[in-house]
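Asker: Pasting a structure here, questions to come.
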Amino acid sequence: MAERRIQVAERRIQAAGRRIQVAGRRIQVVGRRIQVVGRRIQVAECRIQVAERPGPQTARSGPQTARRFLVTACRILRG
């Protein structure tokens, strides 16, 4: 059951990543560390590739829900 929920969360993260932009450029989620806490699925770390920037950048933030994490990550990547 938890495995299925993790897969759903990963799909959501990818979908949200396609909608979010950093400085007008699309981002792509390359790698992520997901953990299940009770009924919540949280993202602790995420490697994000920003179009036209060399190499993926890692955004770390306390474990948060996927949507909140991506918003925080984009803020970090903007600088």
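Asker: Can you sort Ile27, Ile41 from fewest to most other Cβ atoms within 10 Å of each residue's own Cβ?
Answerer: Neighbour counts put them in this order, fewest first: Ile41, Ile27.
Asker: For the pair Ile20/Thr58, report the inter-label distance in nm, with labels modelled 7 Å from Cα in the Cβ direction.
Answerer: Computed distance between label sites Ile20 and Thr58 equals 1.8 nm.
Asker: What do you get for Rg/Rh over region 2-78 if you use C-alpha atoms and the Kirkwood form of Rh?
Answerer: With Rh from the inverse mean 1/r over Cα pairs, Rg/Rh is 0.96.
Asker: Still on this structure, please answer the following. How high is the relative contact order of the chain, in percent, with contacts defined as C-alpha pairs under 8 Å that are six or more residues apart?
Answerer: RCO, the chain: 26 percent.
Asker: Dipole magnitude of the chain about its Cα centre, charges +1 at Lys/Arg Cβ and -1 at Asp/Glu Cβ only, in debye to the nearest 20?
Answerer: 240 debye
Asker: Roughly speaking, what is the stretch gain from Arg11 to Val71, that is 0.36 nm per residue apart minus the C-alpha to C-alpha distance, in nm to one decimal?
Answerer: Between Arg11 and Val71, full extension yields an extra 20.0 nm.
Asker: Could I ask something else about it? Can you tell which of Ala15, Ala44, Ala66 shows the greatest fluctuation in a Gaussian network model of the chain with Cα springs below 10 Å?
Answerer: Ala15
Read-outs throughout are calculated quantities, based only on the coordinates presented, and are distinct from any laboratory measurement. These numbers were taken from a predicted model, which means no experiment stands behind them. Backbone-built Cβ (ideal geometry, glycine too); neighbour counts: all protein chains shown.
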